[in-house]
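Chemist: Handing you a structure now.
The values are calculated or read from the model by the stated rules, or taken from the named source; none is laboratory data. A quick note: this is a predicted structure, and the numbers were derived from the prediction, not measured. Cβ placement follows ideal geometry from the backbone for every residue including glycine, while neighbour counts extend to all protein chains displayed.
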Amino acid sequence: MLRISVVTPCLNSGRFIRQTIDSVLAQCGPFEIDYVVVDGGSRDDTLAILKGYRDRLRYFSGPDRGHVDALNRGMGMCSGDIVGWLNSDDVLLPGAFEMIASAFEGQTGLDWVHGRCLLIDQTGNEIQSWISWYKHQRCLRHSFRRLLLENYISQMTVYWRRELLAEVGMLDGSMPLAFDYDLWLRLALRNAPGYLPVPLAAFRRHPASLSARNYPEMFRQELQVAERYSVGFPHLLPAKRLRMRLFGLVYNSLDLGQDRRTSVKEP
């Protein structure tokens, strides 16, 4: 039976991590789940929550060197045929693992897959559906060249064969806000991904999330990553720089709009 490993890195994640864990453990189908949670030494109620699941997952707590280090440690502990990660504020959608397992078992030579991703707010309601639609359109027309121009792959939907990390290398901690994009490009150089055009997971947008803290730096690192793999495509870099500036403006506008809506609701 196919075994799927998923790693969740966390630190003081008590607000959302129960929903994250439940979304993984609720997956059912002809597969086994190997769930590893790597905690960086939380001081809120995260550890108390994890203890309540100790019979259904493995968790470890202690100091680490940050998000990427925690993920690399967790992946080193995985025993599954297929591996991915889910951050402690995101959730899988019902049936996600069943579709992922079916894709790997039904297609010989498939190395990695990804799918559609919804965006949700702090209360779990879907927001900004046009972003999910936009990325879906990009995913349908995947090529290495297009991925170099734009990171349209949603991290929380990506799963790959475990042995691939031995070939392409572990996550790069020197790019703490674009290390996932770096991995996608390494995997894409080896083989094109399979795309599942259905929602597999939901990304939670909230002010405390890692990606929401510094969009300009995230896009700066994404440009640096693209430069690493631009051999043969140097003419794409000016367009990549322009896209990063435009995306920075768009995301900043989205955050300002959200701040205004929040302030209106406050008494």
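Chemist: Please find, within segment 110-134, the residue that is modelled with the lowest pLDDT out of those that are touching a strand residue (DSSP E or B) at 6+ places or on another chain (Cβ under 7 Å) and in a helix (DSSP H, G or I).
Modeler: ILE131
Chemist: Determine the pairs where a residue that is in a helix (DSSP H, G or I), located within segment 228-252, has a partner that is of a type in the set (Lys, Arg) and loosely packed, with under 14 Cβ neighbours inside 10 Å with Cβ atoms under 9 Å apart, the partner being 6 or more residues away or on another chain.
Modeler: What qualifies is LEU236/ARG145.
Chemist: Looking at (1) within 28 Å of SER79 (Cα to Cα); (2) surrounded by 15 or more Cβ atoms within 10 Å (Cβ to Cβ), which is the one condition that is false for GLY169?
Modeler: Failed condition: (2).
Chemist: Exactly one condition in (1) over 14 Å from the mean Cα position of the chain (by Cα); (2) at pLDDT 95 or above; (3) part of a loop (DSSP other than H, G, I, E, B) is not met by ASP64; state its number.
Modeler: It fails just one condition, (2).
Chemist: May I ask you to list the residues in segment 25-58 that are crowded, with 22+ Cβ neighbours inside 10 Å and among the aliphatic types (A, V, I, L, M)?
Modeler: Once the filter is applied, which keeps residues that are crowded, with 22+ Cβ neighbours inside 10 Å and among the aliphatic types (A, V, I, L, M), segment 25-58 yields VAL36, VAL37, VAL38, LEU50.
Chemist: Mind listing whichever residues of segment 40-85 are among the aromatic types (Phe, Trp, Tyr) and within 20 Å of PHE179 (Cβ to Cβ)? Reasoning before the result, please.
Modeler: Within segment 40-85, the subset among the aromatic types (Phe, Trp, Tyr) is 53, 59-60, 85.
Correct list: TRP85 only.
Chemist: So, in segment 7-55, exactly how many residues are in a helix (DSSP H, G or I), free of Cβ contacts under 8 Å to residues at least 60 places away in the same chain and among the aliphatic types (A, V, I, L, M)?
Modeler: 6
Chemist: With the requirement that a residue be hydrophobic (A, V, I, L, M, F, W, C) and under 18 Å from LEU171 (Cα atoms), what does segment 51-90 give you?
Modeler: Within segment 51-90, the subset hydrophobic (A, V, I, L, M, F, W, C) is 57, 60, 68, 70-71, 75, 77-78, 82-83, 85-86.
Correct list: VAL68, ALA70, LEU71, MET75, MET77, CYS78, ILE82, VAL83, TRP85, LEU86.
Chemist: Can you tell me which residues in segment 67-103 are in a helix (DSSP H, G or I) and under 11 Å from ILE4 (Cα atoms)?
Modeler: The initial filter retains those residues of segment 67-103 that are in a helix (DSSP H, G or I), namely 67-77, 96-103.
Scanning segment 67-103 gives PHE97, GLU98, ILE100, ALA101.
Chemist: Now for a different question. Just give me the residues in segment 136-156 being in contact with a strand residue (DSSP E or B) (Cβ under 8 Å, 6 or more places away or on another chain), surrounded by 18 or more Cβ atoms within 10 Å (Cβ to Cβ) and without any contact (Cβ under 8 Å) to a residue 60 or more places away in the chain, in sequence order.
Modeler: Step one: filter segment 136-156 for residues in contact with a strand residue (DSSP E or B) (Cβ under 8 Å, 6 or more places away or on another chain), giving 136, 139-140, 142, 153-156.
In the following step, the residues that additionally are surrounded by 18 or more Cβ atoms within 10 Å (Cβ to Cβ) were identified as 136, 139, 153-156.
If the condition is that a residue be in contact with a strand residue (DSSP E or B) (Cβ under 8 Å, 6 or more places away or on another chain), surrounded by 18 or more Cβ atoms within 10 Å (Cβ to Cβ) and without any contact (Cβ under 8 Å) to a residue 60 or more places away in the chain, then CYS139, ILE153, SER154 are the ones that fit.
Chemist: If the requirement is being of a type outside the set (Asp, Glu), at pLDDT below 90 and within 20 Å of the chain's Cα centre (by Cα), which of these qualifies: PRO199, PRO193, PRO207, PRO267? Reasoning before the result, please.
Modeler: Numbers: PRO199 fails: at pLDDT below 90; PRO193 fails: at pLDDT below 90; PRO267 fails: within 20 Å of the chain's Cα centre (by Cα).
The match here is PRO207.
Chemist: Quick check on this structure: which one of LEU236, LEU254 is at pLDDT below 90 and surrounded by 12 or more Cβ atoms within 10 Å (Cβ to Cβ)?
Modeler: Every option except LEU254 fails the conditions.
Chemist: Continuing with the same structure: For segment 77-122, which positions are under 17 Å from ALA166 (Cα atoms), charged (D, E, K, R) and either surrounded by 23 or more Cβ atoms within 10 Å (Cβ to Cβ) or free of Cβ contacts under 8 Å to residues at least 24 places away in the same chain (or both)?
Modeler: Once the filter is applied, which keeps residues that are under 17 Å from ALA166 (Cα atoms), charged (D, E, K, R) and either surrounded by 23 or more Cβ atoms within 10 Å (Cβ to Cβ) or free of Cβ contacts under 8 Å to residues at least 24 places away in the same chain (or both), segment 77-122 yields nothing.
Chemist: Can you report the number of residues in segment 100-111 which are more than 22 Å from TYR181 (Cα to Cα) and under 17 Å from the mean Cα position of the chain (by Cα)?
Modeler: Count: 0.
Chemist: In segment 18-36, which residues are among the hydrophobic types (A, V, I, L, M, F, W, C), closer than 23 Å to ARG204 by Cα and in contact with a helix residue (DSSP H, G or I) (Cβ under 6 Å, 6 or more places away or on another chain)?
Modeler: The one that is among the hydrophobic types (A, V, I, L, M, F, W, C), closer than 23 Å to ARG204 by Cα and in contact with a helix residue (DSSP H, G or I) (Cβ under 6 Å, 6 or more places away or on another chain): VAL36.
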